[in-house]
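**Q** Here it is: the structure, laid out below.
Here, each number is a calculation from the coordinates, and none is a lab measurement. These numbers come from a predicted model, not from an experiment. Every residue, glycine among them, receives a Cβ derived from its backbone with ideal geometry; neighbour counts consider all protein chains shown.
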Amino acid sequence: MEKKNGKYRFLVVAALVGAMVPAINSVFNDRDVVPENVVALSDDLPEVDQKFILQNMAPFMRAYAERGQKISKRQMRRIRRKAAAGDLEAQRELASCYLMGIGCSQDVRLGIRWFKHAADKGDTVSCFMMGCLAVGGAFGTEWEGKGVEWISSAAESGNAVAQYMLSVIYSAGAVVPYNEEESKKWYDRAMAQNSPELKKQFESFRRTVDSRSKLGDPHMMFLMGVMKTTGYCEAEINEPEGVEWYRKAAAMGHDVAWLRLGECYECGVGVAADAVEAARCYRKAAELGNIEAQQRIEPRN
């Protein structure tokens, strides 16, 4: 499937927003933090799409503007000092402050550099933040793969939202090849944690998929089909409706939608079982380059 810059930006916003909450909230705690100007931040990032970042951060800017004005210079000095001393949480907090201009002058690139610095040192939330930004297209398509690596690192460390996001990435099949087994593995791991924050992400994700699918996005149509036929993201199951969403996505050239539509006809999910129609759908998927479909139709030839 052809990659496009920012194709999946809408997929990462909900996770991005959820991940920022604890980072920003902690900024307002007047903790006993122990000066800044001794940390050498790497500047190996490509040009940053600041418009994309600012648009996604807008809800936070509105929600925390009033509180942000109350951050004292003393608090900011403490955060900077702790960050300079190597405290990863403080580095993440400082990144949030610079990114959104909370308690300091806004500097998006400097905020990203602090997030990357913390991520490179192993901070799980910063890894997830950098991954979401990269996969979302903030640094261009050449950094999408690195973004998956960051999110994977956070997921391996046990971050439930990162595990869910990794499941979505494998399910969407755009940034990385579609992989149902990997998608299910990470989804199951995320669900096993019973995270309240993850429940909020599901609700936000369902709203995003619903609105974007109605606007005619084939990838969102496909994901709507997944949710309706499987209950993914705790969606209400409606198999016939899910099949129709697969059909709409397939009509727009979505190869995995053709594959899933073939499975529905083969197994009688949401439609009457029809081996002939299933074979036709598999051929369509194969013609679009879907390897799994190509493997399935070989014995039929």
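**Q** If you rank T124, T230, T141 by fewest surrounding Cβ atoms within 10 Å, what's the result? Walk me through the intermediate numbers first.
**A** Values: T124 20, T230 17, T141 14.
Taking fewest neighbouring Cβ atoms as first place, the list is T141, T230, T124.
**Q** P(r) tail for the range 191-247, what percent of Cα pairs lie past 18 Å?
**A** Numbers: 494 of 1596 pairs.
The calculated P(r) of the range 191-247 puts 31 percent of pairs beyond 18 Å.
**Q** Which three semi-axes in whole Å describe the equivalent ellipsoid of the range 216-300, each the square root of 5 times a Cα gyration tensor eigenvalue, listed largest first?
**A** On the way: eigenvalues 82, 42, 19 Å².
Listed largest to smallest, the semi-axes of the range 216-300 are 20, 14, 10 Å.
**Q** Hey, rough spin-label estimate for K184 and K51, points 7 angstrom out along Cα→Cβ, what's it come to in nanometres?
**A** 4.2 nm
**Q** List the pairs from K51/K116; K82/K200; K185/K228; K121/K199 whose alpha-carbon separation is above 24 Å, in the order I gave them.
**A** On the way: K51/K116 19 Å; K82/K200 31 Å; K185/K228 19 Å; K121/K199 29 Å.
In this structure, K82/K200; K121/K199 exceed 24 Å between Cα atoms.
**Q** So, R0 is 45 Å and r is the distance between the beta-carbons of Q106 and A192; what FRET efficiency does that work out to, to 0.05? Present the calculation step by step, with values, prior to reporting the outcome.
**A** Details: r = 39 Å, r/R0 = 0.86.
Computed FRET efficiency for Q106 and A192: 0.70.
**Q** Sticking with this structure for a sec: Sequence gap at least 6, Cα distance under 8 Å: using those rules, report the relative contact order of the range 73-223 to the nearest whole percent.
**A** Numbers: 197 pairs, mean separation 16.9, N = 151.
Reported relative contact order: 11 percent.
**Q** Just rank R92, R74, R207, fewest to most, by other beta-carbon atoms within 10 angstrom. It would help to have the intermediate numbers written out before the result.
**A** Details: R92 27, R74 8, R207 11.
With the fewest neighbours first, R92, R74, R207 line up as R74, R207, R92.
**Q** Also, quick follow-up: Straight-line reach from K214: which aspartates and glutamates fall under 15 Å, measuring Cα to Cα and dropping same-chain residues less than 8 apart?
**A** Result set, ordered by chain and number: E241, E244.
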